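To start, the structure itself, in structure tokens.
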Amino acid sequence: MLKFKDMWNDVNKLVNDKKDYFSIDNELQNVFLIKNGDDFVLLTKEDFVNLWSKILLNNKCCIKDAIDKSDIKLYYICKIMKELPYIREENEEMILI
């Protein structure tokens, strides 16, 4: 089983390497500020915990709300996580490989 801590470290590497993501590392820890048009979306470590727990429980998780952008935080969490080498997106689901 892949621990949340390992996945979180991988997410941090991904976000810090992407030009369209902005990481905040001053007083706020474990927070990402993502540019969304003229606005910004604030993602915290806790935002990732819920989805990761669902994925670990069933080795997959439905992400329909993320795909249709009805949940903008979930959309960006999935956008980041599907770039991880052990996650793939298939049939509106995030699947742990």
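Conditions: (1) under 12 Å from the mean Cα position of the chain (by Cα); (2) part of a helix (DSSP H, G or I); (3) within 17 Å of residue 6 (Cα to Cα); (4) not hydrophobic (A, V, I, L, M, F, W, C). Residue 83 meets all but one. Number of the miss?
Status for residue 83: all satisfied but (2).
Filter region 86-97 for residues that are without any contact (Cβ under 8 Å) to a residue 60 or more places away in the chain and loosely packed, with under 15 Cβ neighbours inside 10 Å; which is nearest to residue 3 (Cα to Cα)? Reasoning before the result, please.
So in region 86-97, the residues without any contact (Cβ under 8 Å) to a residue 60 or more places away in the chain come out as 87-95, 97.
Still in the list and also loosely packed, with under 15 Cβ neighbours inside 10 Å: 88, 90-92, 97.
Details: 88: 17, 90: 22, 91: 25, 92: 23, 97: 14 Å.
Result: 97.
Suppose we keep only residues that are modelled with pLDDT of 90 or more and aliphatic (A, V, I, L, M) within region 64-79. Which one would you say is nearest to residue 2 (Cα to Cα)?
This residue is 77.
Is at least one residue of region 6-16 at pLDDT below 80 and closer than 15 Å to residue 80 by Cα?
For region 6-16, residues at pLDDT below 80 and closer than 15 Å to residue 80 by Cα: present.
Within region 43-57, identify whether any single residue is closer than 23 Å to residue 1 by Cβ, modelled with pLDDT under 85 and surrounded by 13 or more Cβ atoms within 10 Å (Cβ to Cβ), and answer yes or no.
No, the conditions are met nowhere in region 43-57.
The values are calculated or read from the model by the stated rules, or taken from the named source; none is laboratory data. The shown structure was predicted, so the numbers you read here are calculated from the model rather than taken from an experiment. Please note: Cβ atoms are built from the backbone with ideal geometry, for glycine as well, and neighbour counts cover all protein chains shown.
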